[in-house]
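Accompanying notes for the structure given below.
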Amino acid sequence: MALTFFRGIQLNPSMLYPSSYFARKHGVLYCCMRSAQTQTATQEKEQTKLKGSTQSQPKAVDKFLKDFEAVIGIETHVQLSTLTKAFCSCPYNYGSPPNTSVCPVCMGLPGALPVLNSKVIECAVRVGLALNCKLSLNSKFDRKQYFYPDLPKGYQISQFDIPIASGGYLDVDLPLEYGGGHRKFGITRVHMEEDAGKLLHTDGGSYSQERTPPSYIRIPPPPPASHCNVIAIDVDLNRAGVPLLEIVSEPDMRTGIEAAEYAAELQRLVRYLGVGNGNMQEGSLRCDVNISVRPIGQLEFGTKVEIKNLNSFSSMSRAIDYEISRQVELHNQGQIDQIVQETRLWEEGAQKTVTMRKKEGLADYRYFPEPDLPGVSLTEEYVNSIRESLPELPEDKRRRYEKLGLSMQDVLFLANDINIADFFDATTAGGADIKLAANWIMGDIAAYMKNEKVTINEIKLTPQELGELIASIKDETISGKIGKEILFELIAKGGTVKGLIKEKDLVQIVDTAEIEKMVDKVIADSPKQLEQYRGGKTKLQGYFAGQVMKESKGKANPKLLNKILLEKLNAKTIGY
């Protein structure tokens, strides 16, 4: 049924690709496109060549950057973790076989009517409140109309003139390695909308049914007789209708680092709120960056360029820095007219942006109110109930950790992941030393998780046992070295600190006479090292301490051991 429906679509090729056309043969729709190489070559001819190579471009304009200011804003799409889609009962699970989570509503079949998922409104209100926005108690949905193969209805249900939230801000703490500091970035609006489907482009001039999984809807290329380089398009509508929140920032950012940290803070926020997983690799959090440059002191904005295909925060930062350099160089070469309002793609391999398409204006979308959905009305009681249910947000948590006396480095690490923050809070709630708990989590526990590629929720160690371990070291029941051994066993296998200490007889030796016997034995067995030590090689103290620890199987109290050892090594008693 779906395949029949797509074969009957009349598409406007200029809305799909600037260099494509569609042909119909034997009732099948074919998509013809010039190859990427041909299109890129044409674009390069249309533009005036820049001086110098693209790769050396950033270095060539370093001396001019100080005379210009970048103006950056970000449109972020957050996929909501609801059980069903925005306007139908279809579930969505990332990685499901193509077109297995579809129905007449999300496929846009005639006569199918949408029904709003109330959970979408709840998520939108939670995010709006967390972003310090003003909520619209009465909002509505609108149709955003455009044609593309992954949009089966021919329009997207979104919000236009009355978004559910607007006029907020987001607090961000910059990492110390980038100079640190606090920033506040404005939020223009937050609105609800549905996602489109997914397209998979397959290069090649021949169409083979065997190459395409049966569950894909395929828009095939034309037969070999047609004179064009072709791309076959597979359409997966599983994602069509999945609920999104679009969060639009004010143009308050000035560097790639600021933009990347803003996006990272948004990711933290949605994870803290539990409205989405924020996974950029899965497309659960997608950022489109708008950049312009202007001479320092100029109030008027420059021409805005949008960048897409940003799959990580580091690539976002690099893409912005490249685009700033590209635009500054055009300014300095007197080619400002070459900066046009367009959408560009970030090519990770080439480390540069390339033209994708000219940017459409708002009028092209022909917005009008969605006739099949009623307006969205919120009551003060409903909003207040959600406000009271909000968790401690990243900004509040960082400020609380600062008041506990933790360094900013500790604060940023612990608050970055809500699960790590919860683990830390649970550990210190039992009375564990705050700084020691932070050190253990940021040190050995974090290293184990990185090496084993696991999360803190997947290790066997509990916050209660970490607190018990810290207490056992602090009261000198066990040494720090024994503590590490116990820690790794607890992480990998679980158990209790007291149980392992008893089972392996790990209680620290604090008896002075017993430690003295071991020190005497080690010194007596090492006359050569003793002579060297007393001859001035005092670093050999570490050798003697290590031998005593070996003799005690790591159980000797380090402070008591070193005190006795120094006394014995520096003594002039006959026999030593």
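The values are calculated or read from the model by the stated rules, or taken from the named source; none is laboratory data. Remember, it's a predicted structure, so these values are computed and weren't measured experimentally. Using ideal geometry, Cβ is built from the backbone for each residue, glycine included, and neighbour counts are taken over all protein chains shown. Remember, those area values only see protein heavy atoms, side chains included, never the ligands or the DNA or RNA. Shrake-Rupley method; radii C 1.70, N 1.55, O 1.52, S 1.80 Å.
Structural remarks
- Residue match in the range 473-487 (condition: under 22 Å from G405 (Cβ atoms) and open to solvent by 50 Å² or more (accessible area, probe 1.4 Å)): yes
- The condition of being without any contact (Cβ under 8 Å) to a residue 24 or more places away in the chain and open to solvent by less than 60 Å² (accessible area, probe 1.4 Å) holds for only one of C103, C88, C133, that being C103.
- With respect to the stated conditions, I157 fails to be surrounded by fewer than 18 Cβ atoms within 10 Å (Cβ to Cβ), at pLDDT 95 or above and either assigned to a helix (DSSP H, G or I) or of a type in the set (V, I, T) (or both).
- Just one of the listed residues (L129, L113) is outside any loop (DSSP other than H, G, I, E, B) and hydrophobic (A, V, I, L, M, F, W, C), and it is L129.
- Candidates are the residues of the range 289-316 that are closer than 18 Å to E246 by Cα and among the charged types (D, E, K, R); the one that is surrounded by the most Cβ atoms within 10 Å (Cβ to Cβ) is E306.
- Considering the range 543-557, and only residues there that are open to solvent by less than 50 Å² (accessible area, probe 1.4 Å) and in a helix (DSSP H, G or I), the residue that is farthest from Q508 (Cα to Cα) turns out to be F544.
- Extreme residue, nearest to the chain's Cα centre (by Cα), among residues of the range 388-398 that are of a type in the set (D, E, K, R) and surrounded by 13 or more Cβ atoms within 10 Å (Cβ to Cβ): E395
- The single condition among (1) closer than 27 Å to Y94 by Cα; (2) surrounded by fewer than 17 Cβ atoms within 10 Å (Cβ to Cβ); (3) among the polar types (S, T, N, Q) that S284 does not meet is (2).
- G276 in contact with a strand residue (DSSP E or B) (Cβ under 9 Å, 6 or more places away or on another chain) and modelled with pLDDT under 95: no
- Flag if T538 is modelled with pLDDT of 85 or more, more than 43 Å from the chain's Cα centre (by Cα) and of a type in the set (S, T, Y): yes
- Flag if N451 is in a helix (DSSP H, G or I), open to solvent by 60 Å² or more (accessible area, probe 1.4 Å) and not assigned by the TED database to the domain that holds L561: yes
- Qualifying residue in the range 162-182 (condition: buried (at least 22 other Cβ atoms within 10 Å of the Cβ), in a strand (DSSP E or B) and small (G, A, S)): yes
- Subset of the range 352-404 [closer than 18 Å to K134 by Cβ and aliphatic (A, V, I, L, M)]: V376, L378, V383, I386, L390, L393
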